[in-house]
Amino acid sequence: MTRKVVEIAGRRLSLSNLEKDLYPSYGFTKAHILEYYRRIAKFILPHLKDRALTLKRYPEGVEKDFFFEKRCPSHHPSWAKTAEVRRDNGERMTVCLVNDLETLIWVENLASLELHVPLARASSPETPDSMVFDLDPGDQANVLNCARVALILRDLLSNLRLTSYAKTSGKKGLHLYVPLNRKETTFENTKKFSKAVAGIMQKNYPDLVTARMPKEYRKAKVFINWSQNDSSKTMICVYSLRAREKPTVSFPLEWKELKDLARQDDPEKLQVMHSEAVSRAEKQGDLFREVLVKKQKLPHL
Amino acid sequence: MAVQAIWSGTISFSLVAIPVQLVKAAEPGRVSFRMLHSKDYSPLVRRMFCPEEDKMVPPDEIIRGYEIAPDKYILITDEELESVSPERSRTIEIVEFIDMKEVDSIYYDHPYYLVPSKGGEKSYRLLVEVMRRTNKAGLAKFVLGEREYLVAVKSTEGALALITLHYSEEILPDEDISPKEGKIEAEEKSSIKKNIKKMITDFNPEKYADGRRKKIMDLLKKKAKEKAPVEAPEVEKKEGEGPADLIAALEESMRKVKKNR
């Protein structure tokens with residue numbers, strides 16, 4: 001095993017296997033991955049900050065086995081921030097908080113290609129700062145169907161004075177976020193609200209949408225997964241790489257762009273690759289910034 | 001039939017503590033009806049309505065006010081109400097024993113039974129027996145739901161009954177009810193006495209029944225035999241449901257979305 005010691009913000013990190021190709025059919029090594037996260041750090045860090053990270057590690061690359069790790073590995077550097085959280089079964093658990101570049105690089109050195117975080121911060125695990133609609137296409141549907149659903153959802157919510165933001169999942173779907181950022185909000189609120197929205201969508205667009213989980217209902221339709229609005233669930237963090245054949249990114253899109261792309265009949269255009277992600281973020285800034293700060297109240301609950 | 005306990009704890013006085021459960025001793029025999037929409041038999045729900053704005057008011061816009069004069073209110077929050085609500089009782093602590101005869105039945109509110117919990121049977125029986133012999137009832141303060149009640153614990157047919165009593169301030173004054181004027185002749189008095197005597201019998205509650213309730217139940221049975229019940233429209237997929245105001249707002253928004261597409 002090869003090692004390379006680097007120093008970030010005065011902290012020494014020993015990086016291993018930098019030449020290992022973790023996306024073999026595309027050709028993207030661990031060094032490439034670390035470089036991607038180094039360059040995207042200033043955009044992704046605010047979205048990871050103070051949230052219990054779930055690592056999804058691919059030590060042998062995206063074509064081999066992966067494992068989820070909710071606990072912060074016990075060998076974590078002493079300077080890496082952690083938090084104590086309580087799991088559903090009441091058990092206590094130490095989790096990693098990725099609040100700075102050095103922790104991000106350490107986590108990526110563990111081949112945690114995908115970074116998954118809850119909708120709430122570790123210090124207030126029952127307070128979601130946003131409500132999310134996870135749009136997941138069933139068989140014979142694709143991201144273009146998701147885009148149509150997302151655009152309807154945006155209008156539906158906007159009539160209720162709720163602004164929403166969309167990002168690609170980096171896989172086949174889209175994620176729509178409604179920032180809330182109020183300490184009074186509970187997951188019960190977001191669940192009830194999102195469930196009602198999914199129900200209305202299914203009722204009005206039965207050929208396009210389903211609000212039901214079982215696979216047979218999802219054929220050729222977009223599943224609006226409202227049940228992600230739960231303290232025990234995590235979402236792929238915006239700007240995180242995805243472990244697909246190619247290094248795609250969960251990337252924020254402007255509504256106008258989504259509208260244009262939905263008209264063109266090419267689902268691949270809705271995928272944002274690592275290099276494009278960096279250059280676009282640097283050019284346009286963080287399109288998801290408002291998700292962290294905009295205060296909105298869910299009406300009629 | 002196992003009766004649903006509405007409270008469990010202990011009943012105690014001086015050094016005795018008996019584990020007990022509280023169950024209802026009476027169920028009001030009212031026949032209740034659901035209100036339906038005549039067009040499609042949908043069960044109707046109550047909503048709050050603002051006559052000023054001529055529209056329904058969502059729950060988050062509803063607050064409490066105490067009317068001190070016409071159109072003048074003191075506002076009170078849930079937290080304030082909660083802060084003055086008593087804590088749930090764990091024991092029924094008998095503080096006094098009284099003669100039950102002294103309690104005017106006007107004070108009786110609701111009857112309950114106390115049922116002995118495991119291990120309490122023996123002392124329970126003892127207490128029932130002593131109370132029966134002495135014909136005394138225990139007085140206690142007891143919190144049920146969000147209210148603190150004055151309760152009387154007495155022996156009844158081999159069991160302990162608990163009766164919530166009205167506070168004296170809840171009893172309406174009767175001064176205006178009893179007429180002050182008019183002399184009563186001795187003759188009249190004795191005639192009434194005689195008539196009452198003729199009608200005296202033992203108290204036999206089984207002889208009486210709620211006539212209207214029985215008639216309604218008979219009518220319902222007859223109608224059920226004659227004709228199949230009407231059915232409410234099937235509310236498909238409860239999973240898509242939500243608070244009525246939210247659903248209404250979403251439907252409204254959806255109409256606009258569809259119009260603009």
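Every residue, every condition in (1) within 14 Å of chain A (Cβ to nearest Cβ); (2) without any contact (Cβ under 8 Å) to a residue 24 or more places away in the chain; (3) assigned to a loop (DSSP other than H, G, I, E, B), yes or no:
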site	(1), (2), (3)
B:S8	no, no, no
B:A17	no, no, no
B:Q21	no, no, no
B:P28	no, yes, yes
B:F33	no, yes, yes
B:D60	yes, yes, no
B:P86	no, no, yes
B:V95	no, no, no
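Take the residues of the range B:12-22 that are modelled with pLDDT under 90 and not small (G, A, S): which is nearest to the chain's Cα centre (by Cα)?
Across the range B:12-22, the extreme among qualifying residues is B:F13.
Filter the range A:270-283 down to the residues that are part of a helix (DSSP H, G or I) and closer than 15 Å to A:R39 by Cβ and list them by number.
A:H274, A:S275, A:E276, A:A277, A:V278, A:S279, A:R280, A:A281, A:E282, A:K283
Kindly indicate the residue of the range A:185-212 that is free of Cβ contacts under 8 Å to residues at least 24 places away in the same chain and of a type outside the set (A, V, I, L, M, F, W, C) and also farthest from the other protein chains (Cβ to nearest Cβ) among those meeting that condition.
First, pick out the residues of the range A:185-212 that are free of Cβ contacts under 8 Å to residues at least 24 places away in the same chain: A:188, A:196, A:199, A:202-204, A:206-207, A:211-212.
Then keep just the ones that are of a type outside the set (A, V, I, L, M, F, W, C); that gives A:188, A:199, A:202-204, A:206-207, A:212.
Working: A:E188: 12, A:G199: 2, A:Q202: 6, A:K203: 6, A:N204: 5, A:P206: 11, A:D207: 14, A:R212: 7 Å.
Ranking the candidates gives A:D207 first.
Tell me the residue from A:E7, A:E60 that is without any contact (Cβ under 8 Å) to a residue 60 or more places away in the chain, surrounded by fewer than 16 Cβ atoms within 10 Å (Cβ to Cβ) and assigned to a strand (DSSP E or B), please.
That would be A:E7, the only listed residue that is without any contact (Cβ under 8 Å) to a residue 60 or more places away in the chain, surrounded by fewer than 16 Cβ atoms within 10 Å (Cβ to Cβ) and assigned to a strand (DSSP E or B).
In the range A:73-91, which residue that is assigned to a loop (DSSP other than H, G, I, E, B) and touching a Ser or Thr at 6+ places or on another chain (Cβ under 6 Å) is surrounded by the most Cβ atoms within 10 Å (Cβ to Cβ)? Full working, then the answer.
First, the residues of the range A:73-91 that are assigned to a loop (DSSP other than H, G, I, E, B): A:73-81, A:87-91.
Applying the additional criterion that residues be touching a Ser or Thr at 6+ places or on another chain (Cβ under 6 Å) yields A:80, A:88.
Values: A:A80: 18, A:D88: 8.
For the range A:73-91, the residue satisfying everything is A:A80.
Inside the range B:35-58, can you point out the residues that are more than 14 Å from chain A (Cβ to nearest Cβ), surrounded by 10 or more Cβ atoms within 10 Å (Cβ to Cβ) and either in contact with a helix residue (DSSP H, G or I) (Cβ under 7 Å, 6 or more places away or on another chain) or not in a loop (DSSP other than H, G, I, E, B) (or both)?
Those that are more than 14 Å from chain A (Cβ to nearest Cβ), surrounded by 10 or more Cβ atoms within 10 Å (Cβ to Cβ) and either in contact with a helix residue (DSSP H, G or I) (Cβ under 7 Å, 6 or more places away or on another chain) or not in a loop (DSSP other than H, G, I, E, B) (or both): B:L36, B:P43, B:F49, B:C50.
What do you reckon, is B:S178 farther than 28 Å from B:K136 by Cβ, surrounded by 10 or more Cβ atoms within 10 Å (Cβ to Cβ) and among the hydroxyl-bearing types (S, T, Y)?
no
What's the number of the only condition in (1) within 12 Å of chain B (Cβ to nearest Cβ); (2) not in a loop (DSSP other than H, G, I, E, B) that A:F223 fails to meet?
Condition (1) is where A:F223 drops out.
The values are calculated or read from the model by the stated rules, or taken from the named source; none is laboratory data. Predicted model only: the values in this text are computed from it and were never measured. Cβ atoms come from the backbone with ideal geometry, glycine included; neighbour counts cover every protein chain shown.
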